[in-house]
Amino acid sequence: MTSTGDTGECVEIKDLIIDDRERGIFRVHRSTMTSMDLFRREQARIFNRCWIYLGHESEVENPGDYRRRTVAGRPLFFIRGKDGQVRVFLNSCPHRGALLCRRDEGNAEVLRCFYHAWSFNTSGELIGLPGEDAYGPSFDRSELSLKAPPRVDSYRGFYFVSFNPAVEDLLSYLAGARDYLDLIVDQAEAGMQVVSGSNMYTLKANWKLLAENSLDGYHLIPTHRTYVDYIAGLGTDDGGDTMAARPPGVARALGNGHCVSENIARSGRPIAHWHPLFGEEAREPLARVRRRLVEKYGEERAYRMADTSRNLLIYPNLIILDFVAITIRYIEPLAPDSMDVTAWHLVPREESGARLVTRLDSFLTFLGPGGFATPDDVEALESCQTGFRATETEWSDLSRGMLKPIPGTADELQMRGFWRQWHAHMQGLSKTDVQDGPPTTMEAAVASGTGER
Ligand code: FES
Ligand SMILES: [Fe+2]
């Protein structure tokens, strides 16, 4: 099988990645980010086959609450039924195709199609249509219910869908990413909820560039210098210089393409790690949360929740950023050089008042569309995409730290893990060895001081 790309050159799918573990060289052919053939193949081999993130249960709290989404190219919506159950439907009227759900969010007892006024209840059943007596005796309402994706499942409040009826179960698909979702969800005493509203933006770049970028510690200091200087100016919890050294951290491939980069927090964590950014008045409430976490989960687990931060990629297109705040970032590929991004903010239900304001402010300051980070990243990624027009420069390099026993967060193991899974899927293989070598741990990274600039 070959990929023609847009360069006119033919590159075999198997040759799109150079993964030389002996020499420590990892390169990706840039047609992976420009070719329409490969884009279509990704849709078929990845987005039609994997579990893909849909939304969070807290977004549809009450019976009749619904949210509209585009997932893997399909218009969908999810709605909480009268019976309390969350259901997901393809947003296409069984009559002649119109979008049934026409708002991004709302509450409805009945969904009525605007085209010919067929009506459906929250369980997706056709409950009424104008002039039903004009249809013959074989017309059967029950054959015309709303359709659901073949598979729907959730883990700790995160809903996923799959268009592959034979996909493995969600729990085993999540592999090592489950533990990281637990670390995030367990921070809350009364569960997590998505704050109403989202940030949406379109990037003129290939979706995989943002998957990479979301885990890329190497670009932090050069690209986000302004933010780095701003945080450094605030000092640390012990009055030191936040950015005097990159804190120890580790990058890990978690199986099935999921990857994480994890750091010891030096710039504050809104859950339980105080920083001058939060103000004096936050010290005691944060200390109380810390004590609760230790009591419930033990010192070691509490330390990971409160004192380490993580950038988690759930393959292929969900990112959860848990550092200055918790951001859910969803990437919807549109074309080889274009993607839509939506970001939501996840908070513990029990948080309110000044603490919630501080958290939301941290989120917007760094990751909001006008924040310190996002415009920098958009500029960097769109610049790469433009650079790919120089087709004579065929390869991108992701070799950093490949021969290190314990790769840090400024290394590129986390991107290699993602690309290795991508490459396996594109070749029709389901599983692959995504690691560089034996898996590493946070403890080993701290002991070795990994994370230096
Ligand atoms: S397309 Fe929906 S009622 Fe006709
Ligand atoms: Fe960035």
### Task
Go through (1) of a type outside the set (Asp, Glu); (2) assigned to a helix (DSSP H, G or I); (3) touching a residue at least 12 places away in the same chain (Cβ under 8 Å) one by one and return the number of the condition LEU334 breaks.
(2)
### Summary
Reported set for the range 410-430 where residues are closer than 20 Å to ALA251 by Cα and assigned to a loop (DSSP other than H, G, I, E, B) is ALA410, ASP411, GLU412
### Message
Give me the helices (runs of 4 or more DSSP H) completely within the range 132-221, filtered to those with at least 3 residues that are within 23 Å of HIS258 (Cβ to Cβ) and not hydrophobic (A, V, I, L, M, F, W, C), ordered by residue number.
### Response
177-185, 207-213
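Select, from ASP133, ASP186, ASP169, the only residue that is in the same structural domain as TRP344 (by TED's automatic domain parsing) and among the acidic types (Asp, Glu). Let's see the steps before the verdict.
On the way: ASP133 fails: in the same structural domain as TRP344 (by TED's automatic domain parsing); ASP169 fails: in the same structural domain as TRP344 (by TED's automatic domain parsing).
It is ASP186.
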### Task
Output the residues belonging to the range 86-110 that are free of Cβ contacts under 8 Å to residues at least 24 places away in the same chain and over 29 Å from GLN43 (Cα atoms).
VAL110
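Based on this model, can you work out whether PRO137 counts as away from ligand 1 (no atom under 16 Å from the Cβ) and surrounded by fewer than 18 Cβ atoms within 10 Å (Cβ to Cβ)? Lay out the reasoning, then the answer.
Numbers: away from ligand 1 (no atom under 16 Å from the Cβ): yes; surrounded by fewer than 18 Cβ atoms within 10 Å (Cβ to Cβ): yes.
Taking the combined requirement at face value, the residue satisfies it.
For every residue, the table says whether it meets (1) over 30 Å from MET36 (Cα atoms); (2) among the small types (Gly, Ala, Ser); (3) in contact with a Ser or Thr (Cβ under 9 Å, 6 or more places away or on another chain).
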| site | (1), (2), (3) |
| --- | --- |
| ARG103 | yes, no, no |
| GLU109 | yes, no, yes |
| ARG141 | yes, no, no |
| LEU146 | yes, no, yes |
| PRO149 | no, no, yes |
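Specify which of the listed residues (GLN421, GLN427, GLN414) is in contact with a Gly (Cβ under 7 Å, 6 or more places away or on another chain), modelled with pLDDT of 85 or more and not small (Gly, Ala, Ser).
Unique residue meeting the criteria: GLN421.
Considering every residue within the range 344-358, establish whether at least one is buried (at least 17 other Cβ atoms within 10 Å of the Cβ), within 16 Å of ligand 2 (Cβ to nearest atom), in contact (Cβ under 8 Å) with a residue 12 or more places away in the chain and within 21 Å of the chain's Cα centre (by Cα). First the steps, then the outcome.
Taking the range 344-358 and keeping what is buried (at least 17 other Cβ atoms within 10 Å of the Cβ), we get 344-348, 351, 355, 358.
The next check asks that each one be within 16 Å of ligand 2 (Cβ to nearest atom); those that pass are none.
Looking through the range 344-358, none of the residues is buried (at least 17 other Cβ atoms within 10 Å of the Cβ), within 16 Å of ligand 2 (Cβ to nearest atom), in contact (Cβ under 8 Å) with a residue 12 or more places away in the chain and within 21 Å of the chain's Cα centre (by Cα).
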### Task
Answer yes if at least one residue in the range 387-396 is in a helix (DSSP H, G or I), surrounded by fewer than 20 Cβ atoms within 10 Å (Cβ to Cβ) and not polar (S, T, N, Q), and no otherwise.
yes
## Note on the structure
Exactly one of PRO75, PRO63 is at pLDDT 95 or above, more than 24 Å from the chain's Cα centre (by Cα) and not assigned by TED's automatic domain parsing to the domain that holds SER196, and that residue is PRO63
#### Entry: Pair list, Cβ under 7 Å, 6 or more apart: the range 133-160 residue over 30 Å from PHE47 (Cα atoms), other residue part of a strand (DSSP E or B)
ARG141/LEU126
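Would you say ALA302 is in contact (Cβ under 8 Å) with a residue 40 or more places away in the chain and either part of a strand (DSSP E or B) or in the same structural domain as GLY401 (by TED's automatic domain parsing) (or both)? Before you say what the answer is, go through the steps one by one.
Working: in contact (Cβ under 8 Å) with a residue 40 or more places away in the chain: no; either part of a strand (DSSP E or B) or in the same structural domain as GLY401 (by TED's automatic domain parsing) (or both): yes.
Against the criterion (in contact (Cβ under 8 Å) with a residue 40 or more places away in the chain and either part of a strand (DSSP E or B) or in the same structural domain as GLY401 (by TED's automatic domain parsing) (or both)), ALA302 does not qualify.
The values are calculated or read from the model by the stated rules, or taken from the named source; none is laboratory data. Bear in mind that the values here come from a model prediction, so they are computed numbers and not experimental data. When we count neighbours, we look across all protein chains shown, and the Cβ atoms used for this are built from the backbone with ideal geometry, even at glycine.
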